[in-house]
1. What is the fewest-to-most order of SER92, SER75, SER118 by other Cβ atoms lying within 10 Å of their Cβ?
2. Given 0.36 nm per residue, what is the gain on full extension from GLU56 to ALA100 after removing their alpha carbon distance, in nm?
3. Excluding GLY22 itself, calculate the net charge of residues whose Cβ lies under 14 Å from the Cβ of GLY22, where each Lys or Arg counts +1 and each Asp or Glu counts -1.
4. Fewest first, what order do LEU62, LEU81 take by the number of other Cβ atoms within 10 Å?
5. Rounding to the nearest 20 debye, state how big the charge dipole of the chain is about its Cα centre with +1 on each Lys and Arg Cβ and -1 on each Asp and Glu Cβ.
6. Based on the Cβ-Cβ distance of SER92 and ASN46, what FRET efficiency does E = 1/(1 + (r/R0)^6) give at R0 = 25 Å, to the nearest 0.05?
7. Could you calculate the FRET efficiency of SER18 with SER119 from 1/(1 + (r/R0)^6), where r is the beta carbon distance between them and R0 is 25 Å, rounded to 0.05?
8. Please identify the longest segment of the chain free of exposed trypsin sites (Lys or Arg not before Pro), where exposed means a DSSP state other than H, G, I, E or B and no more than 10 other Cβ atoms within 10 Å.
Amino acid sequence: MHVETAGAGPRIVLVHGSGGTGWPVQRPLAERYTLVMPTRSGYPPNPPLERIDFEEQAKELLEILEPEDHLVGHSYGGVILLLAAAEAGPSSLTVLEPPAFGVARGQPAVDRLIEESSSTS
């Protein structure tokens, strides 16, 4: 897994979703923090994969996480962090728009969204 690091200070690990990598808006945080930006397997410059496996990517991520990391994940990156955080014991965990509908099944709004998504597929 390719990992880019920038800055100095407490570590913030930024895990991208399927839309891309880079975290350009967050780059100024490197003035006060160490930004750790892994590129998930299957995304360039890593070799392509036939299938993305979130549990496997969570295991890969655990290899670079350190105690006291602050974890931030967007979309499917958030799902991967939810899986990894249970073992990692981070200082903080922030997930932005993780498509983790299964954890909220039984909530009417979530059930409607899942039903609507299934009917348009």
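Where a number appears in this text, it was derived from the coordinates with a stated rule and is not lab data. Model, not experiment: these values are computed from the prediction. Cβ atoms come from the backbone with ideal geometry, glycine included; neighbour counts cover every protein chain shown.
1. SER118, SER92, SER75
2. 14.2 nm
3. So the environment of GLY22 carries a net charge of +1.
4. LEU62, LEU81
5. 280
6. Efficiency, from the Cβ-Cβ distance: 0.40.
7. After rounding, the FRET efficiency stands at 0.70.
8. The segment 52-104 is the longest one with no such site.
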